[in-house]
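Just so it is clear, none of the values below were taken in a lab; they were calculated from the coordinates. The shown structure was predicted, so the numbers you read here are calculated from the model rather than taken from an experiment. Using ideal geometry, Cβ is built from the backbone for each residue, glycine included, and neighbour counts are taken over all protein chains shown.
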Amino acid sequence: MTTVLVTGGCGFIGSAFLRMAVPQHPDWRFVNLDLLTYAGNPANVAAVAGAPNYVFVRADLCDEAAVRDVFETHAPEIVVHFAAESHVDRSIVGPRRFLETNVTGTFNLLEACRAAWRDPAGKVFHHISTDEVFGALGKEGRFDERTPYRPNSPYSASKAASDHIVRAYHHTYGLPVKITNCSNNYGPYQFPEKLIPLMILNALEDKPLPVYGRGENVRDWLYVDDHCRAILRVLRDGKVGETYLIGGRCEKTNLEVVGAICDAVAEIRGVEPAAVRRWITFVQDRPGHDLRYAIDPSRITTELGWTPEETFETGLRRTVRWYVENRAWVEQVRTGEYRRWIETNYGGRGA
């Protein structure tokens, strides 16, 4: 069996990837390496935890010896590297952890690959990154694979650094790498600090819906399962040493997103949209808030045949419905109950 090491597999996108890939690829053995920090929840992978081709390992990418031990024990031939600190607001308040995890953690992983993969044939290091490394756009234009890097937050700077390190290991050491940069993901199991789940949950409970500035910042939205399908396509057909941008061709202002959430929640609750929209509140903008991101995914569409299956309307409806129907998961996250379960079952390590 081909062994695939998935880092950050208990997080939002990593767990979506595992829920999709584990049943689709019974000929692959998946090793999920996750530290189980605040955003890593074992419940996110409960659907595949009992599969014969799935293994979980709790380890910290910043611990060089622990990473090396994972490679010696499991001998992965493919690495899909999701693990990262990813919340911009948290990076503004405490940037050190972002540099440690996103830069040093990636470096440790690359070094382990370099030591283990003496023969690079059949090996792949797939690095998952973000469109935020390219900085802000004006009202026109889109990011593509030729866009220069101009990160504007500690988070995006740490991801840009990790992208450059991955690319350098390919050119310097011949490490077989692939890089993908995606737009804003949304969908089930997303930690409630992020815009869409936070607004869904607040709208369901008649709580304020805080919007930065005037809500004019634009993001390109991508349903998480569409992103995972793209990753699998790049793993299978993408060229080693190349970068592919993955976007939903779905630009929305933050205010448009919040309004759409209000309307979807109002429909589910059987109330008028105005009854939910009245909770929209404008708050002071965050420092260095990039105005607009948008991706041109033409390359992955033309070369690999990938296009998103979900529209924003269908994806948002599925997402809202999931949060309505999975309140037990939400409450475990809100109360920290899942953290207590982790401490009991994994010996108190983590952050």
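List the chymotrypsin sites (Phe, Trp or Tyr not before Pro) within the range 1-36 that DSSP assigns to loop and that have no more than 12 neighbouring Cβ atoms inside 10 Å.
Numbers: sites: Phe12, Phe17, Trp28, Phe30; in loops: none.
Here no loop site has a sparse enough neighbourhood.
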Options Tyr323, Ala275, Leu291, ranked by Cα towards positive dipole end of the range 204-351, top entry (Cβ charges): Tyr323
Compute the relative contact order of the chain as a whole-number percentage, counting only Cα pairs closer than 8 Å that sit 6 or more residues apart in sequence. 17
Could you give me the ³J(HN,Hα) list for the range 287-298, computed from phi with Karplus coefficients 6.51, -1.76, 1.60 and θ = phi - 60°, whole Hz, x at Gly and Pro? x, x, 5, 4, 5, 8, 10, 7, 10, 9, x, 4
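Evaluate the charge dipole of the chain about its Cα centre and quote only its size in Debye, nearest 20, assuming +1 on the Cβ of each Lys and Arg and -1 on the Cβ of each Asp and Glu. Don't skip to the end; give the middle numbers.
Numbers: 41 positive and 44 negative charges, 32 e Å.
With Lys and Arg at +1 and Asp and Glu at -1, about 160 debye.
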For Ile295, enumerate residues with amide H under 5 Å from its amide H, sequence gap 5+ or separate chain, H modeled in the peptide plane. Phe143, Arg249
To test your reading of the geometry: what angle, between 0 and 90 degrees and rounded to tens, separates the Cα axis of helix 337-346 from the longest principal axis of the chain? 10
5 Å is the cut-off here: which amide hydrogens, built 1.01 Å from N in the peptide plane, fall below it relative to Phe56, excluding neighbours closer than 5 in sequence? Asn32
Whole-Hz Karplus ³J(HN,Hα) for the range 24-37, in order, using 6.51 cos²θ - 1.76 cosθ + 1.60 and θ = phi - 60°, x for Gly and Pro? 6, 10, x, 8, 10, 9, 9, 10, 8, 9, 8, 7, 6, 6
Expressed as an acute angle from 0 to 90° and rounded to the nearest 10, what is the orientation of the C-alpha long axis of helix 312-325 relative to the principal long axis of the chain? 90
How large is the dipole of the range 207-351 about the Cα centre if only Lys and Arg carry +1 and Asp and Glu carry -1, each at its Cβ, rounded to the nearest 20 debye? 460
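Taking a ≥ b ≥ c as the square roots of the Cα gyration tensor eigenvalues, with a/c under 1.5 meaning rounded and otherwise prolate when a/b beats b/c, else oblate, which class fits the range 24-77?
Values: a/c = 2.95, a/b = 1.17, b/c = 2.53.
The shape class here is oblate.
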Overall form of the chain per C-alpha gyration tensor (a/c, 1.5; a/b vs b/c): prolate
Relative to the Cα centre, what is the charge dipole magnitude of the range 77-117, using +1 at the beta carbon of each Lys and Arg, -1 at the beta carbon of each Asp and Glu, and rounding to the nearest 20 debye? 120
Taking the Cβ of each residue in Asp131, Asp69 as the centre, tally the other Cβ atoms inside 10 Å and list the residues starting with the fewest. Asp69, Asp131
Hey, what do the phi angles of the range 3-17 turn into as Karplus ³J(HN,Hα) couplings, whole Hz, using 6.51/-1.76/1.60 and θ = phi - 60°, x for Gly and Pro? 9, 10, 8, 10, 8, x, x, 9, x, 5, 6, x, 5, 4, 4
If Tyr323, Tyr212 are placed from fewest to most neighbouring beta carbons inside 10 Å, the sequence is Tyr212, Tyr323
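Tell me, in nm to one decimal, what length is gained between Ala46 and Arg327 on full extension, where the rule is 0.36 nm per residue of separation less the Cα-Cα distance?
Working: separation 281, 0.36 × 281 = 101.16 nm, distance 1.59 nm.
Extra length from Ala46 to Arg327 when fully extended: 99.6 nm.
Where does the longest stretch of the chain lie that holds no trypsin sites (Lys or Arg not before Pro) found in a DSSP loop with 14 or fewer other Cβ atoms within 10 Å? Don't skip to the answer; put the middle values down first.
Values: sites that count: Arg118, Lys139, Arg146, Arg214, Lys239, Arg278, Arg349.
Maximal segment without exposed cleavage sites: 1-117.
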Taking H placed 1.01 Å from N in the peptide plane, check which residues at least 5 places from Ser129 or on another chain put their amide H under 5 Å from its amide H. Thr180, Asn181, Cys182
Considering only DSSP states other than H, G, I, E and B, which GluC sites (Glu not before Pro) in the range 278-351 qualify as loop sites with at most 11 other Cβ atoms within 10 Å? Glu309
Once you place label points 7 Å from the Cα toward the Cβ at Glu242 and His164, how far apart are they in nm? 2.5
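Suppose the chain between Val55 and Arg340 were pulled fully straight at 0.36 nm per residue; how much longer would it get relative to their current alpha carbon spacing? Present the calculation step by step, with values, prior to reporting the outcome.
Numbers: separation 285, 0.36 × 285 = 102.60 nm, distance 2.16 nm.
Answer, rounded to one decimal: 100.4 nm.
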Among Ala43, Phe56, Pro76 - extreme Cα towards positive end, dipole of the range 4-120, charges at beta-carbon: Ala43
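Going by a ≥ b ≥ c, the root eigenvalues of the Cα gyration tensor, does the range 70-142 fall in the rounded group (a/c under 1.5), the prolate group (a/b larger than b/c) or the oblate group?
Values: a/c = 3.52, a/b = 1.72, b/c = 2.04.
Here the range 70-142 falls in the oblate category.
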